[in-house]
Amino acid sequence: MTLWDSHEWGSGDLAGVHGALTVVLDSNIWLSEQMLRHSAGAAVRFYLRRHDARIALPEVVRLEVILHLSERMKELAATTRQAHRTLLPLAGQLRELVLPEDAELEAIAARAFEDWDVRLDPTRRNASRATAEWQA
């Protein structure tokens, strides 16, 4: 019998297995669930708060999320600007479209984890290597 088999999973209390529950999410989850602000992400946040659990955030994941979030927001802004320029001659007159500039979007992405209760992985050397690999 394993620890998995012996635990009462229906109780909803995982803290008794090995201390406080810590969850590590891949960068794809952070991005696809819109920084856990989407419906499934909100459910995860609720569960973690309710069970006094934490999200561990390895430095390499944090850097990857910031990079891809920044790129995605810049793409969305560029697409929106282009759509506005395409619509303008057809509509004849439109209100001014005000969107953040790329530098502002990069700053927003850099602050993505500021409001989160996360524990950062102190292994920065590996993150530097991984960052160099995906930027190459």
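Quick note: the coordinates plus some simple rules give every number you see, no bench work behind them. The structure displayed is predicted, hence computed values, not measured ones. Methodologically, a virtual Cβ is constructed for each residue, glycine included, from the backbone with ideal geometry; neighbour enumeration extends over all protein chains shown.
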Extension gain (nm, one decimal) between Ser32 and Trp116, 0.36 nm per residue minus Cα-Cα
28.5 nm
Rounded Å value of the spacing that divides the Cα centres of the range 82-109 and the range 16-80
28
State, to one decimal in nm, how far the label point of Lys74 lies from the label point of Ile108, with both points 7 Å from Cα in the Cβ direction.
1.4
When the chain is fully extended, how far beyond the present Cα-Cα distance does Arg49 get from Ala83, taking 0.36 nm per residue of separation?
8.2 nm
Treating only Lys and Arg (+1) and Asp and Glu (-1) as charged, each at its beta carbon, one finds that the range 59-116 has a dipole about its Cα centre, in Debye to the nearest 20, of 380
Rounded if a/c is under 1.5, else prolate if a/b beats b/c, else oblate: with a ≥ b ≥ c from the C-alpha gyration tensor eigenvalues square-rooted, which is the range 17-59?
oblate
Given a Förster distance of 30 Å, the FRET efficiency implied by the Cβ-Cβ spacing of Val24 and Leu94, rounded to the nearest 0.05, works out to 0.10
What GluC sites (Glu not before Pro) in the range 70-115 are in a loop by DSSP, with at most 12 other Cβ atoms within 10 Å of the Cβ?
Glu96, Glu101, Glu114
